[in-house]
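The values are calculated or read from the model by the stated rules, or taken from the named source; none is laboratory data. Here the structure is a predicted model, which is why all the values come from computation and not from measurement. Note that we place each Cβ from the backbone using ideal geometry, even for glycine, and neighbour counts take in every protein chain shown.
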Amino acid sequence: MKIDLHIHSLTGSDGALTLEEIFVEAVKRNIELMSITDHGAVHHQGEAQKLAAEHHIRYVTGVELNVSFQYGGKDRSLDFLGYGYDYKNTALNEKLLTMQKFDSERALKILGNLNSELRKEGLPLFTEEDLVSMQEGIEGVLSRPHIADYLVKKNIVPDRQQAFDRYLVACNVPRFPLRLEEASRLIREAGGKLLLAHPNDGNGASLFGFTKNLAEQIELIRNEMMDSIDGIECWHSRSDEETIAHYTAFCYENSLMMTGGSDCHQKPLLLGTVDVPDFVARYFK
C-alpha cells in the first residue's frame, strides 16, 4: 500500500496546494494512508478527516513541531511529528495559538532584518504593500518559505534555496522556545504519539546539524530523548539507504514506532514517492 505521513498544505502552513487539492492528488497516486503535518497548526484537521473519508483514504491527524533543544550549551532547532492526537484538545490548541502569535511577530522581525540587507545592496525595501502581497493566499502564519518565494517572485533571487543562502539564514530570528518535554506532554496528553522527524536531513532541522555521524546521532537520542519520544521518521524523501538501515535497526532494538513520508510541500510534487513499508500502517488502527 502507498503511505505518506508527512505532507504540508497551503491551508495550514507552507505547502502550495489546499487540502482539497492534496486529497485529489492523493487519489490519483493511489495513496491509502496519509497525514497532513503542517507546522504548528491543527485547526484544519477536522476538514482533513472529512476529505479523507470522502476520498476513501485512511487518515491520521498530524502536526510538525519545531523544538528548541539544548546541545553543546546552545539552543538548537529540531523537528518532531505528532500523530493520532485529538485536534480539539484545549491545552494543545492554546499552546499552538501562543506559538502562532509569536511566529507572526517573528516574521515581521525577519522582514526588518531582510530590509537591512537589501538596503546595504541598494535594492528596494519591502513595504506594507509587499507584506500584504506575501500574505495573499496564505491561511497559516507567514514564515520563511513564504518570504523566500516572494524574493523569487520579485526576481531578487532565482530560487528558494538562493533566498535562504543569500538572505534568510543571516536574517533569521529564533522560533518560539518549545522544549521537547513540553511538546511530548502536549501530544501525549492529547492522546497522540511524538516522533523525531527526518533525523539525518542535511536540509532540515535535524540531528545532521549536530553531528553527521549516525552512531553519534543515535547516542544523542538514547541519552537525551528516549523518555519523550515514541518513534522516529525512518523513511523520508532525503534519507539515503544507510540512514534508513541505521534508524530502523535502532527502532527495532528499542521497540520504537517507525513512520515515513515525503515531506511534500508540492514544490516539487513528491506526494507518495517515498517507499514506506506496509507494516507502518499497523501503528495507526
Checked against (1) surrounded by 21 or more Cβ atoms within 10 Å (Cβ to Cβ); (2) part of a loop (DSSP other than H, G, I, E, B), HIS56 satisfies every condition except (1)
Looking for whichever is at pLDDT 95 or above and touching a His at 6+ places or on another chain (Cβ under 6 Å) here; the options are VAL63, VAL27. Which one fits?
VAL27
Test for LYS212: is it of a type in the set (D, E, K, R), assigned by TED's automatic domain parsing to the domain that holds GLU25, out of contact with any strand residue (DSSP E or B) (no Cβ under 8 Å at 6 or more places or on another chain) and under 27 Å from ILE147 (Cα atoms)
no
Can you spot a residue in segment 214-222 that is of a type in the set (S, T, N, Q), in contact with a helix residue (DSSP H, G or I) (Cβ under 6 Å, 6 or more places away or on another chain) and either at negative phi or surrounded by 20 or more Cβ atoms within 10 Å (Cβ to Cβ) (or both)?
yes
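A quick yes/no check of all residues on (1) of a type in the set (Lys, Arg); (2) free of Cβ contacts under 8 Å to residues at least 24 places away in the same chain; (3) within 21 Å of GLY204 (Cα to Cα):
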| site | (1), (2), (3) |
| --- | --- |
| ASP38 | no, no, yes |
| HIS44 | no, no, no |
| VAL60 | no, no, no |
| TYR85 | no, no, no |
| LEU92 | no, no, no |
| LYS109 | yes, no, no |
| GLY112 | no, yes, no |
Within segment 231-246, is even one residue among the acidic types (Asp, Glu), over 22 Å from GLU25 (Cα atoms) and touching a Ser or Thr at 6+ places or on another chain (Cβ under 8 Å)?
yes
Tell me which residues, restricted to segment 30-40, are outside any loop (DSSP other than H, G, I, E, B), modelled with pLDDT of 95 or more and either surrounded by fewer than 24 Cβ atoms within 10 Å (Cβ to Cβ) or not polar (S, T, N, Q) (or both).
ILE31, GLU32, LEU33, MET34, ILE36
Being farther than 11 Å from GLY82 by Cα and either surrounded by 21 or more Cβ atoms within 10 Å (Cβ to Cβ) or in contact with an Asp or Glu (Cβ under 6 Å, 6 or more places away or on another chain) (or both) is the filter here, so list the residues in segment 172-201 that pass it.
LEU178, LEU180, HIS198, PRO199, ASN200
Considering only segment 8-20, I want to know if a residue exists there that is touching a residue at least 12 places away in the same chain (Cβ under 8 Å), surrounded by fewer than 18 Cβ atoms within 10 Å (Cβ to Cβ), in contact with a Ser or Thr (Cβ under 9 Å, 6 or more places away or on another chain) and not in a loop (DSSP other than H, G, I, E, B).
yes
Kindly establish whether LEU207 is surrounded by 21 or more Cβ atoms within 10 Å (Cβ to Cβ) and at pLDDT 95 or above.
yes
Which residue pairs have Cβ atoms under 9 Å apart, sit 6 or more places apart or on different chains, and have a first residue in segment 183-206 that is on the phi > 0 side of the Ramachandran plot and a second that is among the aromatic types (Phe, Trp, Tyr) and surrounded by 20 or more Cβ atoms within 10 Å (Cβ to Cβ)?
GLY191/TYR85
Filtering segment 4-16 down to residues that are in contact with a helix residue (DSSP H, G or I) (Cβ under 7 Å, 6 or more places away or on another chain) and either farther than 11 Å from THR37 by Cα or of a type outside the set (Gly, Ala, Ser) (or both) yields ILE7, THR11, ASP14
Test result for THR61, buried (at least 21 other Cβ atoms within 10 Å of the Cβ), within 19 Å of HIS44 (Cα to Cα) and of a type in the set (S, T, N, Q)
yes
Looking at LEU81, LEU51, LEU111, LEU5, which one is touching a Phe, Trp or Tyr at 6+ places or on another chain (Cβ under 6 Å), closer than 22 Å to LEU269 by Cα and either of a type in the set (S, T, N, Q) or not in a loop (DSSP other than H, G, I, E, B) (or both)?
LEU51
Looking for whichever is touching a residue at least 24 places away in the same chain (Cβ under 8 Å) and more than 20 Å from PRO199 (Cβ to Cβ) here; the options are LEU51, LEU81, LEU97. Which one fits?
LEU51
